[in-house]
1. Can you pull out the residues in region B:30-39 that are more than 9 Å from every other protein chain (Cβ to nearest Cβ) and surrounded by fewer than 18 Cβ atoms within 10 Å (Cβ to Cβ)?
2. Would region A:78-94 turn up any residue that is at pLDDT 95 or above and either assigned to a helix (DSSP H, G or I) or at the interface with another protein chain (Cβ under 7 Å from one of its Cβ atoms) (or both)?
3. Which number in (1) without any contact (Cβ under 8 Å) to a residue 40 or more places away in the chain; (2) near DNA strand C (Cβ under 8 Å from one of its atoms) marks the one condition that residue A:96 misses?
4. Please state which one of A:42, A:26 is within 10 Å of another protein chain (Cβ to nearest Cβ), modelled with pLDDT of 95 or more and within 20 Å of residue A:138 (Cα to Cα).
5. Taking the conditions exactly as written (away from DNA strand C (no atom under 16 Å from the Cβ) and modelled with pLDDT of 95 or more), does residue A:74 satisfy them or not?
6. Does region B:116-123 contain at least one residue that is within 14 Å of chain A (Cβ to nearest Cβ) and exposed (fewer than 14 other Cβ atoms within 10 Å of the Cβ)?
7. Looking only at residues that are more than 10 Å from chain B (Cβ to nearest Cβ) and surrounded by fewer than 17 Cβ atoms within 10 Å (Cβ to Cβ) in region A:45-70, which one is farthest from DNA strand C (Cβ to nearest atom)?
DNA sequence: TTGATTTAGTGGTATATGCCACCTTTGACG
DNA sequence: CGTCAAAGGTGGCATATACCACTAAATCAA
């Protein structure tokens with residue numbers, strides 16, 4: 001248990017996850033700061049970039065994020081002209097998202113900083129340990145807590 | 001890589017951490033919902049409970065949370081009379097926090113639900129795996145990213 | 001075809017969190 | 001002492017994220 005930790009904190013999976021997320025989030029945000037993007041925004045731009053003009057619902061599902069939360073998060077990026085949206089011609093309920101030229105440029109810029117943060121993280125934590133962590137996190141993200149526990 | 005994941009998502013330590021935190025947060029929140037508390041609030045009440053009328057700065061450091069963020073998070077709990085604050089007589093810059101009787105009762109109620117969520121999580125994920133995950137998260141939370149990488 | 005249902009998003013409201021500027025209280029020092 | 005820097009918080013502003021009620025579009029069913 002790390003110093004400065006009050007008793008009992010380390011028992012809760014959720015609390016530990018949040019705590020680590022705050023820490024790492026601050027670190028990645030810090031490195032990304034020169035780009036003017038938060039790490040969440042950089043990640044979102046990247047998702048949009050690798051997707052094929054993805055629908056909002058698809059992005060939200062990928063990120064395990066509430067659809068309305070995604071809508072809110074998208075707003076500053078639209079305001080700053082990094083992304084734009086358009087209705088799917090075949091199904092006008094669906095709103096697709098894509099990067100603007102400025103968005104692509106900004107993402108390029110941010111990805112360089114991201115690589116610095118990512119590399120340093122792996123240097124500090126260990127490449128193997130980081131990979132195992134991500135694998136466990138991905139596994140947990142895929143658990144259906146409504147199912148009966150595995151036997 | 002889980003289904004519904006766009007390419008490349010799993011590479012970023014920060015993004016994976018956030019994604020898993022959203023997922024687990026929703027799950028714990030769901031189970032805690034009958035108490036009217038969010039998981040973050042239950043966790044915060046618990047920290048206050050186990051602390052010895054902790055100062056805000058001490059809580060913030062324990063949770064690796066910005067002091068002002070803690071202040072904001074505390075507000076609804078103060079409004080609902082679950083916690084109260086008072087100046088440290090020996091150093092009036094320091095504001096200490098403690099549970100009210102209602103806060104203790106609400107925490108009792110929430111802890112019962114927390115145990116349900118926690119138990120089910122461990123059943124689904126595996127007790128050992130969960131413990132290892134928490135250990136890694138605690139380790140990462142303790143890393144000083146300003147230091148030179150370990151040799 | 002038309003009415004009920006489902007699907008995809010929006011907007012409002014509330015909490016979670018961070019940064020920055022600012023204020024007060026201490027504590028150190030000449 | 002009186003000044004001044006450091007420590008501990010507050011408030012404002014911005015983003016992150018969730019839930020809910022509501023709207024519009026597409027689908028299904030009779």
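The values are calculated or read from the model by the stated rules, or taken from the named source; none is laboratory data. On a predicted model such as this, the values are computed, not experimentally measured, just so you know. Quick reminder, even Gly has a Cβ in these numbers, built from the backbone with ideal geometry, and neighbours come from all protein chains shown.
1. Start the filter on region B:30-39 by keeping residues that are more than 9 Å from every other protein chain (Cβ to nearest Cβ), which leaves B:32-38.
If the condition is that a residue be more than 9 Å from every other protein chain (Cβ to nearest Cβ) and surrounded by fewer than 18 Cβ atoms within 10 Å (Cβ to Cβ), then B:33, B:34, B:36, B:38 are the ones that fit.
2. yes
3. If we test residue A:96 against (1) without any contact (Cβ under 8 Å) to a residue 40 or more places away in the chain; (2) near DNA strand C (Cβ under 8 Å from one of its atoms), just (1) comes out false.
4. Values: A:26 fails: within 20 Å of residue A:138 (Cα to Cα).
Being within 10 Å of another protein chain (Cβ to nearest Cβ), modelled with pLDDT of 95 or more and within 20 Å of residue A:138 (Cα to Cα) holds for just one of A:42, A:26, which is A:42.
5. On the way: away from DNA strand C (no atom under 16 Å from the Cβ): no; modelled with pLDDT of 95 or more: yes.
So residue A:74 fails the test.
6. Looking only at region B:116-123, we keep the residues that are within 14 Å of chain A (Cβ to nearest Cβ), and these are B:116-123.
Still in the list and also exposed (fewer than 14 other Cβ atoms within 10 Å of the Cβ): B:116, B:119.
Yes, some residue in region B:116-123 is within 14 Å of chain A (Cβ to nearest Cβ) and exposed (fewer than 14 other Cβ atoms within 10 Å of the Cβ).
7. Going through the qualifying residues, I end up with A:53.
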